[in-house]
Structures are given as structure tokens and as C-alpha cells.
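One structure is given here, and the rest of the page talks about it.
Bear in mind these aren't lab numbers, they're just calculated from the coordinates by the rules spelled out. On a predicted model such as this, the values are computed, not experimentally measured, just so you know. We place every Cβ from the backbone using ideal geometry, glycine too, and count neighbours over all the protein chains shown.
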């Protein structure tokens, strides 16, 4: 049986293309295969997502610290025990004459003014604004519903929500997954991670620099013998 010349040529062409595909198939599979960059840091659910959705039940158990009027009295008493003088200014502001550290998980309903350095420990909730004449350090998972102001520098750790603005005459450093509802204004440098969010503007002085940092990867030891 004699094959039609056209069919014979078509058969030979298909056979040649099949050979080329089989030859380059391993290379194509290698190129398309997803690269393994090694283990990455597992990010927790951002706190700002919980705040936006209204899921703030985690703080309900701490509400006894901040019932109107009584919460500030407890905080004033605590600072007096630590040797820090405090006084009330009007109905909604408490002024502290010295450095203070707001205790872990504490909730404050008033605005606070600190004539010194301010440390807000992990898990605290400030329903008003906070202003300090010294440095400000904000721990993990803190919520400030007002503004955060410092005459010096502001350093904010991870999973923090600031619903107002952050204003410092020095530098501002934001950790991972920080949400600022308004603007960040700094007299010096501004540093933040790429998974943090500032809703409005980031403003610095003419000599200030704005740096956006990548989220760090965790480099685990390759073998169990390398641990420790």
C-alpha cells in the first residue's frame, strides 16, 4: 500500500514535533516548577483586621480598668505607688509628672499627658489620645483610639492599631502589621515594614528619610544537629 505523499509529509512533521517536545520536556517542567525559598515566618492574623470587623471581645475582660472615672483613679494610684505624681486636667485628661509605664493589659478611657517618657505595655487599650514630652514605646497588640504624640521619638512594635495620627519631633519606627488610621508626621526618619499601613500621608522634615523594610524570613537550621 502506497501512502499519499501529503499524508506522509504530515506524519513526518508530527513525528518531528513530538521528538522536539520530548527533548525539551524536562527543561520546561523545571522552569515551571515553583521555587522553594525555604521556610517563611508564619504571620498571625493582623490585629487591624479584627478591629475593622469589630471583633474586640478580647478586651472585654479588661473593661473593669476603664469604667468612666474609676479607671483613671486606679492608674493614678498605681503611678503614685511607683513614685510618679499624677493629676486630673478637666474631665477627660490625666497628667503625669514623670516617666510612666502603662501595665500589661491595662485599659484607659481618658486622654493622658506625660511629662516624661511613656511606655505602653503589651495588650493595652487607650480610648483617648496620648502625649509625652519624652520617648514613647508602644508594645505588641496595643490599641490607641486617639492620637499618639511625642516631643522626642516614637517606637511602635507589632500588631498595633493607632486610629488617629502619630506625631513625633524625632524619628518614628513602626513594626510589622501596624495600622495608622490617619497620618504619620516626624521631624526625623520614618521606618516601617511593608505589611504596615498608614491610611493618609507620611510626612517628614527635609532631612528625614522614609524607609520601607521587607518582612524578615526565619532561617531555620538545616539539620537537627545544628540546633543549639
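Please report, ordered by residue number, the strands (runs of 3 or more DSSP E) entirely within segment 80-135 with at least 2 residues that are surrounded by fewer than 18 Cβ atoms within 10 Å (Cβ to Cβ).
Details: elements: 85-89, 93-97, 100-102, 111-114, 118-120, 130-132.
Of the strands (runs of 3 or more DSSP E) lying wholly inside segment 80-135, those with at least 2 residues that are surrounded by fewer than 18 Cβ atoms within 10 Å (Cβ to Cβ) span 85-89, 93-97.
Each residue in segment 141-163 was checked for being over 15 Å from the mean Cα position of the chain (by Cα) and surrounded by fewer than 23 Cβ atoms within 10 Å (Cβ to Cβ), and 7 of them qualify.
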